[in-house]
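> Below is one structure. I have some questions about it.
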Amino acid sequence: MHLIAPSILSADFSQLSSDVAMINKSNADWFHVDVMDGVFVPNISFGFPVIKAIKKHAEKPLDVHLMIVKPERYVEQFREAGADVLTVHIEASTHLHRTLQQIKKEGMKAGIAINPHTPVASLSDIVFEADLICMMSVNPGFGGQKFIENTYRKIQELKELIAIHNSKTLIEIDGGVDLNNYKKLIAAGADVLVAGNTVFSSSDPKATIEVLKKG
Ligand code: DX5
Ligand code: ZN
């Protein structure tokens, strides 16, 4: 069964605790938490105080997606803030193997995110060290962007790579997931669907999560 991870980036920050409560009550599986540093991506989101505030109320794991340069500097602090899954970009971490070990040593699941232009083949010597691959289906930085269709081909390639290594790595799709493409993504092999705009701009976010979860 696939997992649903609503992205907090699209929540209403002026009433964060009620959006967190909605996700607690829904049949979503994880909280997707996007951290942006204004360097790796052209946007700044939020940091430790906000993650700690979410953690205080969240009854489900925090899936923290770091869009920051040199993420290895902050692994321990993200664990202390409440991350359960910590994902770093392959394009942002020079010693990625070491970073993944660091994350796992802290007791978190380790994820690797790849940008739309990054070939799946670049994961061939590291995929089996990761609990999750976060495949970006938009250019990271903003919610509400249009899904990039080439993602389907990359999912197929990634599935094959994971199978070759007999690995249990999950495939997460992040960006532009909506009510028109979620079924096709699940059929293609997505294990985790991130959804920001689709959930939070809906008139009934909890019901929308239910639809995404049903598949
Ligand atoms: C994009 C973020 C995504 C974003 C998804 O940089 O990594 O997690 O919140 O938002 P939607 O679902 O609106 O594309
Ligand atoms: Zn994300």
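> Based on what the data block shows, is Asn150 surrounded by 14 or more Cβ atoms within 10 Å (Cβ to Cβ) and in contact (Cβ under 8 Å) with a residue 24 or more places away in the chain? Reasoning before the result, please.
Working: surrounded by 14 or more Cβ atoms within 10 Å (Cβ to Cβ): no; in contact (Cβ under 8 Å) with a residue 24 or more places away in the chain: yes.
Here the answer is no, as Asn150 does not meet what is asked.
Yes/no matrix, rows are residues, columns are (1) open to solvent by 10 Å² or more (accessible area, probe 1.4 Å); (2) modelled with pLDDT of 95 or more; (3) touching a helix residue (DSSP H, G or I) at 6+ places or on another chain (Cβ under 9 Å):
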position	(1), (2), (3)
Met1	yes, no, yes
Leu16	yes, yes, yes
Val20	no, yes, yes
Ile23	no, yes, yes
Ile44	yes, yes, no
Lys55	yes, yes, yes
Leu66	no, yes, yes
Glu76	yes, yes, yes
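> Can you tell me which residues in the stretch 97-124 are touching a strand residue (DSSP E or B) at 6+ places or on another chain (Cβ under 6 Å), under 22 Å from Ser137 (Cβ atoms) and either part of a loop (DSSP other than H, G, I, E, B) or among the basic types (Lys, Arg) (or both)?
Passing the criteria: Lys109, Asn115, Pro116.
> Then there is this: What's the number of the only condition in (1) open to solvent by less than 70 Å² (accessible area, probe 1.4 Å); (2) away from ligand 1 (no atom under 13 Å from the Cβ); (3) under 19 Å from Ile4 (Cβ atoms); (4) not in a strand (DSSP E or B) that Gly143 fails to meet?
Looking at each condition in turn, Gly143 falls short on (2).
> List the pairs whose first member sits in the stretch 22-36 and is more than 9 Å from ligand 1 (Cβ to nearest atom) and of a type in the set (Lys, Arg), whose second member is open to solvent by 10 Å² or more (accessible area, probe 1.4 Å) and not in a strand (DSSP E or B), and whose Cβ atoms are under 7 Å apart, counting only residues at least 6 apart or on separate chains?
Lys25/Lys206
> Taking into account only those residues within the stretch 164-180 that are within 11 Å of ligand 1 (Cβ to nearest atom) and assigned to a loop (DSSP other than H, G, I, E, B), which is most open to solvent (accessible area, probe 1.4 Å)?
Step one: filter the stretch 164-180 for residues within 11 Å of ligand 1 (Cβ to nearest atom), giving 172-178.
Pick out the ones that are also assigned to a loop (DSSP other than H, G, I, E, B) and you get 175-178.
Working: Gly175: 10, Gly176: 21, Val177: 7, Asp178: 49 Å².
Only one residue tops the list, namely Asp178.
> Is at least one residue of the stretch 190-206 away from ligand 2 (no atom under 16 Å from the Cβ) and under 18 Å from the mean Cα position of the chain (by Cα)?
Here is the first cut: in the stretch 190-206, the ones away from ligand 2 (no atom under 16 Å from the Cβ) are 201-206.
Filter once more, so that each one left must be under 18 Å from the mean Cα position of the chain (by Cα): none.
No: zero hits.
The values are calculated or read from the model by the stated rules, or taken from the named source; none is laboratory data. For clarity, every value in this text was computed on a predicted model and none was experimentally measured. Positions of Cβ are backbone-derived with ideal geometry, glycine not excepted, and every protein chain shown enters the neighbour counts. When the accessible area is computed, the model is the full protein with side chains, heavy atoms only, and any ligands, DNA or RNA have been set aside. Shrake-Rupley method; radii C 1.70, N 1.55, O 1.52, S 1.80 Å.
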